[in-house]
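**Student:** Submitted below is the structure of interest, expressed as structure tokens.
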Amino acid sequence: MKRRFLVTAVLAVLCIVMSVSSFAAVTFNDTKGHWAEATILELAEKGIINGKGEGIYDPQGTVTRAEFMKLLVCALNEY
């Protein structure tokens, strides 16, 4: 129980730190025309997602358990 709380707390702090530093306009080269482009850009502007780096998001890629937990914690922290 303590470990689960600690992991959640660490992820929440990371989300806060990452969202403060990511208020710049975000663009990804591989999301143009994708059905989820607007949502991807909105989540990126809020700092909830970051992509793979160098303007790549990989919208058809898989999500690891760690990435999913980060998404969940950041999204819950946003609302």
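Readers should treat all values here as calculations from the given coordinates under stated rules, not as data from a laboratory. Since the model is a prediction, treat every value here as computed from it, not as a measurement. Counting neighbours? That spans all protein chains shown, and the Cβs are built from the backbone with ideal geometry, glycine included.
**Student:** Identify the GluC sites (Glu not before Pro) of the range 32-79 meeting these criteria: DSSP loop state and at most 14 other C-beta atoms within 10 Å of the C-beta.
**Tutor:** Values: sites: Glu37, Glu42, Glu45, Glu54, Glu67, Glu78; in loops: Glu54.
Those satisfying the criteria are Glu54.
**Student:** Please work out whether the range 33-79 counts as rounded, prolate or oblate from its C-alpha gyration tensor, where a ≥ b ≥ c are the square roots of the eigenvalues and a/c under 1.5 means rounded, while otherwise a/b larger than b/c means prolate and anything else oblate? Numbers along the way, then the final one.
**Tutor:** Details: a/c = 1.77, a/b = 1.28, b/c = 1.38.
Here the range 33-79 falls in the oblate category.
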